[in-house]
Amino acid sequence: MDSISKSINEFSFDLIKKLKNSGSDKNIAISPPSISAILSLVLLGSNGDTSAQIQKVLHLPDVKTTIEKKTPGKVCAKKVKTEKVAEVHNQFHQLLLQLKSSKSDMVLTIANAAFTQLNFHLSKDYLKSAETLYEAKVEAVDFQDEKTRQKINSWVDEKTGGKIKELFPEGSLDKSASLVLTNAVYFKCQWQKKFDKENTKNAPFYTTKESEISVPMMSQTGRFNLGTIEEIGAQIIELPYATGDLSMIILLTEEIDGLEKIEEQITAESLIQWTNAQNLSPTRVNVQIPRFTQEMSYDLVPFLTNLGMVDAFSQQKANLSGISDIGLYVSQLIHKCFFEVNEEGTEAAAGTGATIVPKSLTPPSTFKANHPFLCFIKHIATDTIIFHVKVHSP
């Protein structure tokens, strides 16, 4: 796994645990690469403790230690930081290029933007790097003007195909802000084998052992990579998308309330291990998963602060001198994620034999997601978790 992908995945699990423990909503949906990219934009212009804290939260390697091991002779701290940070941003750039590669039957948009208050002098080097490496929209605005909120929302709306209308609802934009970073994600990709809408039926979904709701449950039978994780009592299945670049990974515990018990144990490393080709085998299986849409919005400041990224949000301590020689701090960091799962997908090639089943074959296994589960969209080539979703109530 690429070092940047590993860092993003580890950060994802850290953040998910903080969001889970906040208790604000039992459903969770985030895009780790998008959040990591926007934090890396802050890192790009940070120095001192501010930089060190961001690196730690993002699981990036220690700057000084890594470079000194590789570079003979005495290296000054400034040169060490410049060389290593440049490497990190170049890796992010290459990863974002891979993740955003467009194909006719896939849409994956990761949109980043930085809005600064008027009359702040921004570094030309920072602007150039932000636009080149992260394709970030960087713009000076007047946060006192209501049109600024509308401008930001319109840009996000355009970048997400109209799926995210109000990143900042009325009254939510901090008018005293000096720097606001935003990111929005929109993803849509057809299944390699679609779910037939005629097979979708209302069925019970158990949010707890005592509570159930009725949800539209999709169903299909086919050959999918399936595995059993005995140590945590769970099944894991891989549902491929038509492009072959991405797949959906679903982790389903055997017990209805099993997910709550194991969430603290799951790590990025264990997920990659469980989804390794050696641990999954092509199996004829009846897959039943709910059709659902999630649109989640988070102010990430308290969660990132809790993870250890403190100084960047402090008016007194923030060191963002690489962005401007005038004091700046990050006052808001908003993440909004739109995530939809439905029956649509590219039809399988004719003559697959899916409807011609010899009677001698063993009955299909069953993967029935009728209680809380974890869902991941994984970029296969880099092992990057693009979306990290907890479905408690579809």
- Query: In degrees, nearest 10, range 0 to 90: what is the angle between the Cα axis of helix 3-22 and the longest Cα principal axis of the chain?
  - Reply: 80
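Quick one: length gained pulling E131 to A277 fully straight, 0.36 nm per residue minus the C-alpha distance? Write down the numbers at each step before the final one.
Working: separation 146, 0.36 × 146 = 52.56 nm, distance 3.75 nm.
Stretched fully, the E131-A277 segment lengthens by 48.8 nm.
Given a Förster radius of 35 Å and the C-beta distance between S3 and H121 as r, what FRET efficiency does 1/(1 + (r/R0)^6) yield to the nearest 0.05?
Numbers: r = 34 Å, r/R0 = 0.98.
Efficiency computed from Cβ-Cβ geometry: 0.55.
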- Using 0.36 nm per residue, how much length does the chain from N21 to D49 gain when fully extended, once their Cα-Cα distance is taken away? 7.4 nm
- Query: 222 nm [θ] for the chain, helices only, -39500 (n - 2.57) per DSSP H run of 4+, per residue, to 500?
  - Reply: -9500 deg cm²/dmol
- Task: Assuming R0 = 30 Å, can you tell me the calculated FRET efficiency for the pair E146 and E260, based on Cβ-Cβ distance, to the nearest 0.05?
- Result: 0.10
- Extent of the stretch 189-317 along each principal axis, from alpha carbon coordinates, in Å, largest to smallest? 59, 36, 33
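Test of understanding: ordering T132, T182, T283, T200 by Cβ neighbours within 10 Å, fewest first, what list do you get? Don't jump to the answer; show the numbers that get you there.
Details: T132 11, T182 24, T283 16, T200 19.
The order, fewest Cβ neighbours first, is T132, T283, T200, T182.
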- Based on the mean of other beta carbon atoms within 10 Å per residue, what is the order of 375-387, 38-50, most packed first? 38-50, 375-387
- Sequence order, the stretch 126-137: Karplus ³J(HN,Hα) from phi using 6.51 cos²θ - 1.76 cosθ + 1.60, θ = phi - 60°, Hz rounded, Gly and Pro as x, gives 5, 4, 5, 5, 4, 6, 6, 7, 10, 6, 8, 7
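By how many nm would the segment from D325 to E231 lengthen if fully extended, with 0.36 nm per residue of separation less the alpha-carbon distance? Mind showing how you got there, number by number?
Numbers: separation 94, 0.36 × 94 = 33.84 nm, distance 5.34 nm.
Computed gain between D325 and E231 is 28.5 nm.
Coordinate-derived values only; no laboratory data. Keep in mind that what you see is a predicted model, and the values were worked out from it rather than measured. All Cβ positions, glycine included, derive from the backbone under ideal geometry; neighbour counts span all protein chains shown.
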